[in-house]
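The values are calculated or read from the model by the stated rules, or taken from the named source; none is laboratory data. Because the structure is predicted, anything quoted here is derived from the model rather than measured. So basically every Cβ, Gly included, is an ideal-geometry build from the backbone, and we count neighbours across all protein chains shown. Ligands, DNA and RNA are stripped out before the accessible areas are found, and what is left, the full protein with its side chains, is counted by its heavy atoms. Shrake-Rupley method; radii C 1.70, N 1.55, O 1.52, S 1.80 Å.
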Amino acid sequence: MHLAISLNIAAATGEAVLDFSRISKFVRQAEAAGVDMVAISDTADGPSSSPFEATTLLAALATVTDKIGLVAAASTVAHQPYNLARRFASLDIISHGRAGWHATMAQGSRDAANFSRPEGFSDTDFRRRAEEYIGIVQGLWQGWDADALLFDKTGGRFHDPEKMHLLDHKGEFFSVRGPLNVARSPQDTPVLVLSDLSEADLDIAARTADVILLESGSVDSAKVRFDDLKRRAMAAGRDPDAVKVLTSISFAPDDGPTATADRLESQFRAKSCDGFNIQLSAQHSALGDFVDHILPALRQRGLVQEGYRGTTLRSHLRLDGGGDQ
């Protein structure tokens, strides 16, 4: 069972500002518990918007953690694909292969208005644009072969030209030559997380995503969605296990840990997901309830492994990739 925590850093109650020391303490607590990854929210859509830009926060968190995967939300409207690809490639090097990009397929109500598109995009245009955007970012991440950079001072060769690949993309919405001026990721490419999928987005997600976050529902409906996504991944020529499907859940602090563990076990054993994405505000009591009571119950049942499988996020999630996989 894979476990992620979606951390809403704008949702802490009773505080005007959530400072870095508190967020870093929370993430280190999640790391000590062996959670695979923490996903940091980022939105400019209202009064509860995040107090930090998520990728900047991730760079800081990478310096105070060692193993937990670090995933940041970043809008396809608020960033150009080249700059976003370069930023996450840099974060992956800084974190030694633990970075991921969380891209939502839902259009933020204020994103476009803040970035010179007050009228926004039609749903169809937004979807086509997002798919093109994701393809560019992933293409740029793959622009250098693993052994392309030589750093040969004696021979005067920085790289092997045969192992550098220009993207040379000219599409409907973007024109990007490439390559990135950042080395290849320690885990081959940062992990791509997708959420807020409509029916029309499912094929895009099955072709491109490493992790898909789905809203919770009945076990039967979750099983249907899970099987459908795995079939779509196979139809796209991928190993179905190359796409991890996590069900997003939240729980009340006063729920009994046994009842919550029972619910998670029944959903997981029904093969309706590959694990869970726990939605929490940045409050230690909320994480403490999960770490101290629910997680031990899951470990007793043999559903969650002790510690980390490797050092990269791809190794935590058992995804194809480089590093120590």
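Worth a mention:
- Spin-label model distance (nm) - Asp320 vs Val64, 7 Å beyond Cα toward Cβ: 3.7 nm
- Mean separation of Cα contacts under 8 Å, 6 or more apart, over the residue count of the chain: relative contact order %: 22 percent
- Distance in nm between pseudo-label sites at Leu166 and Ala113 (7 Å out along the Cβ direction from Cα): 4.2 nm
- For the listed peptides 72-78, 194-200, a ranking on the average number of other beta carbons within 10 Å per residue, highest first, reads 72-78, 194-200.
- If R0 equals 30 Å, the separation of the Cβ atoms of Phe174 and Asp239 corresponds to a calculated FRET efficiency of about 0.55.
- Computed about the Cα centre, the dipole magnitude for the chain is approximately 500 debye when only Lys and Arg (+1) and Asp and Glu (-1) carry charge, each at its Cβ.
- Nearby lysines by direct alpha-carbon distance to Lys223 (threshold 17 angstrom, same-chain neighbours under 8 apart not counted): Lys244, Lys271
- Whole-percent carbon and sulfur share, accessible surface of the stretch 66-212, 1.4 Å: 47 percent
- Residues in the chain average 45 Å² of solvent-accessible surface per residue, probe 1.4 Å, ligands and nucleic acids excluded.
- Take 300-312, 81-93 and order them by the average number of nearby Cβ atoms within 10 Å per residue, most first; the result is 81-93, 300-312.
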